[in-house]
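A.B. asks: What follows is a structure written as structure tokens; I'll ask about it next.
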Amino acid sequence: MFSKILIANRGEIACRIIKTAKKMGILTVAVYSDADKDALHVHMADEAVYLGASPSRESYLVATKVIAAAKKTGAQAIHPGYGFLSENAAFCRACEQENITFIGPPVEAIEAMGSKSAAKNIMEKANVPLVPGYHGDDQNEHTLKQAADAMGYPVLLKATAGGGGKGMRQVWSEQEFSEGFAAAKREAMSSFGDDTMLVEKYLTQPRHVEIQVFCDNHQNAVYLFERDCSVQRRHQKVIEEAPAFSMSEFLRTKMGESAIKSAQAIGYQGAGTVEFLLDVDGSFYFMEMNTRLQVEHPVTEMISGQDLVEWQLRVAAGETLPKTQLELTINGHAFEARIYAEDPSNDFLPATGQLNLLKTPIESKHVRIDTGVRQGDEVSVFYDPMIAKLIVWDENREKALQRLAKALREYRINGVTTNIEFLYNLATTDAFKNADIDTGFIEKNHNAIFHQANDKQGNELFTKQLPIAALYLVLSLANKTKEQAALSNDPHSPWHITNAWRLNEPHSHSLILAYNDIEYAIIIEQKRQASASYYQITITGEGISTHTVDCQGEINGEKVTVTIDGHRSQSIISHNNNNISLYQEHGVFSFSQILPDHGQNQDDDNHGGLTAPMNGTMVSVLVTPGEQVTKDQPLVIMEAMKMEHTIKAPSDGVVDEIYFSTGDMVDGGTELLAFSSSLAQTENTEVK
Ligand code: ADP
């Protein structure tokens, strides 16, 4: 076994690998960039070597620097984690040349999986099922169209060099083929410099089911069951689970054996994942093989009781696999939710900032948190904005899902916009509970996830959620007053009284809460009947009739207990500045408190530029200098982390100058364009 390894990565995966190495008594070397000099992975490792500037192409992606760091520290092996250099054949070869063990597959296996059509040819020969289609060398449009006509529509055109869903086009009929073919080729050429295409049957309701495989260099191979990763947004996984729901033992064995066949076809060693599309009728088709540890590997660890990083280290050191297929069993059910700094309501735009508050659920055998950040750390523009992976386990899917909802309710992050509420809403939909899931899950359940008011919700908003949020605000204000009174010289001063006892008028508060950008005026009156005190809450808003609700309630920390119409219920509240989020059984309701505007609430960002939210490439400039634009009008489109992000106008205004053109690489934080808001000119005249 190695005595020292270098981890050529950062964030949660670097920390995750260090934990196992420590457990095994192996010394660890971290690497870091400027932005990461104080990062958690650097603190956890025994040694750390500086690589370079913050952008990863100047640090984590520079193979020569990583290898030099390993040589300098005497590390015998390099674990690449995922992303960065993990699937880079040239890096793997360079390690070999320097006599450093690459903790991953042989270079030939990485190369074999590099092209979609080459990978398919290999798998076809190995009798692994493929989506029916054509992936040959003849690139004549007629040949591809004939193949499409023969298998029937819809079909999917894919760039063989593709990735991240680029160069992919659905074609729904024979008549559309020519146009779709030309468009997919254009996109492939501009994205990959290669417009070779393949065509395959388009499955309309597939699931993404992947198999974890492991091979050693003593001819042993096992599969550690499957993960269902169908819940995706723009081909990025959001929540993964293991085992996959409604999976028969027969299908599990068949897919597992196919995955092993795929791995053996390319002489695989180490941890790999074979991704399949699973169709409604139980047929499954090879999609691709990832030749590294996956982000979602913890769900497999939770149900199998195995440490996959330990397996990787053992196999890389030449040992045999720790278990045989017969010794591996599934125990219970696990979910993983990826907690991201991003704004789901703005097309999942990555967010940055300081984690002012980071309060996680308590870890136990049911809850695991893999993270690379601490409270106070910065989510920078330079790297993937994943904050943590929340993994839960219980003995079955239903119980595990309850654990997931509870843990998400308890996760508190302030300072950075996150997807926690989005994940909670998703995990509490009926469709997710019932495992009514395919790769179109988020689009199909958009309204339920994003709480677009339907009738029932609309009504409950006025009779339930708005009154609870308002009552919470008033009760927490009363608590604060009491606390202050206790500290003051005269705790019995009448100015500190917070009960309903008033001589002439009811004790009343008024406030404005906005939900989905619509404002509601709320009056809360404290009243007394017989000896009981209660609150009368009156809600008015544009286009709605006035609602009045009588209720009683109390708060205890983040918990608010409210009785409305004899129905007593509890909710968890997260209150951060003017944002109030109410976690209920079927999702979270987020309100913002609108404070009276005395002129201080003006956005002081009215002038100046708009900056790139992350490192990326400019893919489209939609405006010209001098152009008058309206609030939310798309200005430019950037691509990063396999996704396109539209940068929109923050208000009505004028684009003064644009600093980049299509195709330019842009570092996160750089100003993209100069923008003058028309709000700035009317600053003192426009008072709301
Ligand atoms: P990329 O490498 O660009 O990410 P993949 O081939 O891995 O492309 O496919 C990405 C996603 O596209 C899959 O997870 C699946 O959701 C969808 N997809 C791919 N092939 C098909 C197909 N034949 N039918 C339906 N959906 C597909």
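The values are calculated or read from the model by the stated rules, or taken from the named source; none is laboratory data. Worth saying up front: this structure is predicted, and the values here are computed from it rather than measured. Counting neighbours? That spans all protein chains shown, and the Cβs are built from the backbone with ideal geometry, glycine included. These accessible areas exclude ligands, DNA and RNA; they are computed on the full protein's heavy atoms, side chains included. Shrake-Rupley method; radii C 1.70, N 1.55, O 1.52, S 1.80 Å.
A.B. asks: May I ask you to order 622-634, 86-98 by the average number of other C-beta atoms within 10 Å around their residues, highest value first?
C.D. replies: 86-98, 622-634
A.B. asks: What does the charge add up to near Glu410, with Lys and Arg as +1, Asp and Glu as -1, over the other residues with Cβ less than 11 Å from its Cβ? All intermediate terms of the calculation are to be shown ahead of the outcome.
C.D. replies: Working: positive: Lys359, Arg403, Lys406, Arg409, Arg412; negative: Glu558.
With Lys, Arg at +1 and Asp, Glu at -1, the neighbours total +4.
A.B. asks: With axes computed from alpha carbons, what is the tilt in degrees of helix 249-265 against the longest principal axis of the chain, rounded to the nearest 10 within 0 to 90?
C.D. replies: Its long axis makes an angle of about 50 degrees.
A.B. asks: If packing is taken as the mean number of other Cβ atoms within 10 Å per residue, what is the order of 108-117, 234-243, highest first?
C.D. replies: 234-243, 108-117
A.B. asks: Something else about it: Give me the lysines in straight-line cross-link reach of Lys480: C-alpha distance below 26 Å, same-chain residues under 8 apart excluded.
C.D. replies: Partners within reach: Lys359, Lys464, Lys527, Lys559.
A.B. asks: Same structure, new question: Solvent-accessible area per residue for the chain at a 1.4 Å probe radius, Å²?
C.D. replies: With the other protein chains kept in place, the chain gives 45 Å² per residue.
A.B. asks: Treating the angle as unsigned and between 0 and 90°, give the value, to the nearest 10°, between the Cα long axis of helix 177-192 and the longest Cα principal axis of the chain.
C.D. replies: Orientation of helix 177-192: about 90 degrees from the principal axis.
A.B. asks: I've got another one for you. How much net charge surrounds Pro322 when only the other residues with a Cβ under 12 Å from the Cβ of Pro322 are counted, with Lys and Arg +1 and Asp and Glu -1? All intermediate terms of the calculation are to be shown ahead of the outcome.
C.D. replies: Working: positive: Arg314, Lys323; negative: Asp216, Asp307, Glu310, Glu319, Glu327.
So the surrounding residues net to -3.
A.B. asks: For Phe250 and Ala68, FRET efficiency with R0 = 41 Å and r from the beta-carbon atoms, rounded to 0.05?
C.D. replies: 0.20
A.B. asks: Taking the Cα centre of the chain as the origin, how large is its charge dipole in debye, to the nearest 20, when only Lys and Arg (+1) and Asp and Glu (-1) carry charge on their Cβ atoms?
C.D. replies: The calculation lands at about 1940 debye.
A.B. asks: Something else: With the cut-off at 31 Å, tell me which of the pairs Lys389/Lys631; Lys71/Lys365; Lys444/Lys648; Lys120/Lys237; Lys65/Lys323 have Cα atoms farther apart than that.
C.D. replies: Values: Lys389/Lys631 35 Å; Lys71/Lys365 39 Å; Lys444/Lys648 25 Å; Lys120/Lys237 23 Å; Lys65/Lys323 36 Å.
Correct reply: Lys389/Lys631; Lys71/Lys365; Lys65/Lys323.
A.B. asks: Let me ask you something else. Leaving out same-chain residues fewer than 8 places away, which aspartates and glutamates sit with a Cα under 13 Å from that of Lys145?
C.D. replies: Qualifying aspartates and glutamates at Cα under 13 Å: Glu174, Glu176, Glu179, Glu200.
A.B. asks: Give the carbon-plus-sulfur fraction of the accessible surface of the chain in %, rounded to a whole number; probe 1.4 Å, heavy atoms of protein chains only.
C.D. replies: Here it works out to 47 percent.
A.B. asks: Something else: Please name whichever of His509, Thr670, Leu156 sits farthest to the positive end of the charge dipole of the chain, dipole taken about the Cα centre and charges placed at Cβ: Lys and Arg +1, Asp and Glu -1.
C.D. replies: Of His509, Thr670, Leu156, it is His509.
A.B. asks: Out of the GluC sites (Glu not before Pro) in region 289-393, which ones are loop residues according to DSSP with at most 14 other C-beta atoms within 10 Å?
C.D. replies: Glu319, Glu363
A.B. asks: Using a 10 Å cut-off on Cβ atoms, rank the peptides 53-65, 282-294 from the highest mean neighbour count down. Display every interim value, and only then the final one.
C.D. replies: Details: 53-65: 17.8, 282-294: 21.0.
Highest mean packing first, the order is 282-294, 53-65.
A.B. asks: Something else now. What are the lysines whose alpha-carbon lies under 21 Å from the alpha-carbon of Lys125, with same-chain residues fewer than 8 places away excluded?
C.D. replies: Counting by Cα, and skipping residues close in sequence, Lys125 has these lysines nearby: Lys116, Lys158, Lys201, Lys254, Lys261.
A.B. asks: Let me ask another. So what's the angle, to the nearest 10 degrees on a 0 to 90 scale, between helix 11-23 and the longest Cα principal axis of the chain?
C.D. replies: Long axis of 11-23 versus the principal axis of the chain: about 70 degrees.
A.B. asks: Please report the net charge: other residues with Cβ closer than 14 Å to the Cβ of Glu98, K and R +1, D and E -1.
C.D. replies: Around Glu98, the charge tally is +3.
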